[in-house]
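The values are calculated or read from the model by the stated rules, or taken from the named source; none is laboratory data. All of these numbers come straight from a predicted model, not from anything done at the bench. FYI the Cβ positions are ideal-geometry reconstructions off the backbone, even for glycines, and counts take in every protein chain you see. The area values use the complete protein model at the heavy-atom level, side chains included, leaving out ligands, DNA and RNA. Shrake-Rupley method; radii C 1.70, N 1.55, O 1.52, S 1.80 Å.
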Amino acid sequence: QVQLVESGGGLVQAGGSLRLSCGVSGSIGFINTMGWYRQAPGKQRELVARIFRSGFTNYADSVKGRFTISRDNAKNTVYLQMNSLKPEDTALYYCNVYAAGRDYWGQGTQVTVSS
């Protein structure tokens, strides 16, 4: 059974940094895209960043220049380095993996940024 296990969330002051990690366990096959989404209370889930196997990346405009996504294909792990965090970054962050024609989701890790 495939599982996505996230870690690295927490409480941080505005201007601080956090690094999220998401490891994939189980037989998942060829992983194409790995990414991070977030959902704040009362809002829809939105894409934060994603990275293709080629290394090509997409970022939400709101995090460009502050967040960096990376992946380790040998470890089936994706990372999100978040710098200069703002209170509006507060949300539940979900790891997403697209492999073998379907999406897989993690359980979410909470990021809270205090002002």
For residue 27, work out the one condition from (1) more than 15 Å from residue 93 (Cβ to Cβ); (2) part of a strand (DSSP E or B); (3) touching a residue at least 24 places away in the same chain (Cβ under 8 Å) it doesn't fulfil.
-> (2)
Residues in the stretch 93-115 that are open to solvent by 50 Å² or more (accessible area, probe 1.4 Å) and within 12 Å of the chain's Cα centre (by Cα): how many?
-> 3
Would a scan of the stretch 48-69 turn up a residue that is surrounded by 15 or more Cβ atoms within 10 Å (Cβ to Cβ), under 19 Å from residue 9 (Cα atoms), touching a residue at least 60 places away in the same chain (Cβ under 8 Å) and under 14 Å from the mean Cα position of the chain (by Cα)?
-> no
Consider only pairs whose beta carbons are under 6 Å apart and that are at least six residues apart or on different chains; among these, list those whose first residue lies in the stretch 93-114 and is in a strand (DSSP E or B) and whose second residue is among the acidic types (Asp, Glu) and surrounded by 13 or more Cβ atoms within 10 Å (Cβ to Cβ).
-> 95/6; 109/6; 113/89
Flagged pairs (Cβ under 8 angstrom, 6 or more apart or on separate chains; first in the stretch 1-20, under 19 Å from residue 63 (Cβ atoms) and open to solvent by less than 50 Å² (accessible area, probe 1.4 Å); second part of a loop (DSSP other than H, G, I, E, B) and among the hydrophobic types (A, V, I, L, M, F, W, C)) are 12/85; 16/85; 18/85
Scanning the stretch 74-92 for residues that are under 15 Å from the mean Cα position of the chain (by Cα) and in a loop (DSSP other than H, G, I, E, B), the one surrounded by the fewest Cβ atoms within 10 Å (Cβ to Cβ) turns out to be 83
